[in-house]
1. Please state which of the following conditions residue 57 fails to meet, knowing it meets all the rest: (1) more than 13 Å from the ligand (Cβ to nearest atom); (2) closer than 13 Å to residue 118 by Cβ.
2. Out of all the residues in region 218-231, is one or more within 13 Å of the ligand (Cβ to nearest atom) and closer than 22 Å to residue 97 by Cβ?
3. On the given criteria, is residue 85 at pLDDT below 95, over 12 Å from the mean Cα position of the chain (by Cα) and over 12 Å from residue 27 (Cα atoms)?
4. Of all residues in region 166-177, how many are crowded, with 23+ Cβ neighbours inside 10 Å and in contact (Cβ under 8 Å) with a residue 60 or more places away in the chain?
5. Which ones in region 40-71 are in a loop (DSSP other than H, G, I, E, B) and surrounded by 19 or more Cβ atoms within 10 Å (Cβ to Cβ)?
6. Tally time: how many residues in region 49-81 are under 15 Å from the mean Cα position of the chain (by Cα) and over 17 Å from residue 309 (Cα atoms)?
7. Could you check how many residues of region 127-145 are buried (at least 18 other Cβ atoms within 10 Å of the Cβ), away from the ligand (no atom under 16 Å from the Cβ) and at pLDDT 95 or above?
8. For region 261-279, indicate whether the set of residues that are touching a strand residue (DSSP E or B) at 6+ places or on another chain (Cβ under 8 Å) and at pLDDT below 95 is non-empty.
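The values are calculated or read from the model by the stated rules, or taken from the named source; none is laboratory data. Predicted, not measured: the structure shown is a model, and the values here were computed from it. Here Cβ is always computed from backbone atoms with ideal geometry, including for glycine, and neighbour counts include all displayed protein chains.
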Ligand code: GRG
């Protein structure tokens, strides 16, 4: 296996994809096109709602979760065209969560991805409906959309995985823990649980749903992907916490210092910036080590994990 060392995971021997930037851009434009095709046209009634849906789902973003779907599929020899539906479904859930998270009743944010948040550009009632509609479109996509295995049992499993990751055991529960944590001191275990649910569950689902599309994924590969996804999900959120302290506002497209301003416990607020950064690099190394069993086909997935922890926005 070709060895390309990362400055952050020097002990792990796993190849990286030398063409990763081009691959990333290909996947990012693919998801843009796939989402655009699945969202109702802005000209269809009710036009204001449909315009707001497209505003919220097609407004850029890094497309981290779809990228994980495509990279996992690639590691398992599955064509992009067989997981487009999964990539859209996870991104639709993510887009809904951002719209609801930005509402005054939650984080009350004015800016998202460098533009006014949905409720600022439209209104609160529309933003609530946008979140609702994006969420159900994700499940409709899995139930009946193109770009997925035809096998009904696989589709049912995809619906189950996404529902579990989005519900009270995953993202919605994590959001509840996050809201309840405002102004409180949390232990490290509590912060990790909150992060694992709020952010980690959907990252994990992105990887495991792609794996569920494989005709036969060997048990060691599935176990390795499970370990990879758990580790990289937490590493991603720690980097997010760090960027909220040290990030560049222009690159992030939103204000920094929001966690502190909202008096929210985060990984660095509990253990300090240096320990948080060290933990993130350890998790990154653990994620890469888990991929070793998949061989050189996991090179794009290794490159995605580098991107998630080294990103500046
Ligand atoms: C409203 C049920 C409900 C849940 C909201 C995920 C979430 C829970 C809220 C989003 C707010 C937030 C900052 C969560 C942390 C997760 C995170 C890092 C979100 C941003 O994801 P990126 O960086 O965003 O992938 P882009 O804009 O690139 O898509």
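1. (1)
2. Within region 218-231, none of the residues are within 13 Å of the ligand (Cβ to nearest atom) and closer than 22 Å to residue 97 by Cβ.
3. For residue 85, the condition - at pLDDT below 95, over 12 Å from the mean Cα position of the chain (by Cα) and over 12 Å from residue 27 (Cα atoms) - is not met.
4. 2
5. Across region 40-71, the qualifying residues are 61, 63.
6. So the count comes out to 5.
7. The total comes to 2.
8. Step one: filter region 261-279 for residues touching a strand residue (DSSP E or B) at 6+ places or on another chain (Cβ under 8 Å), giving none.
There is no residue in region 261-279 that is touching a strand residue (DSSP E or B) at 6+ places or on another chain (Cβ under 8 Å) and at pLDDT below 95.
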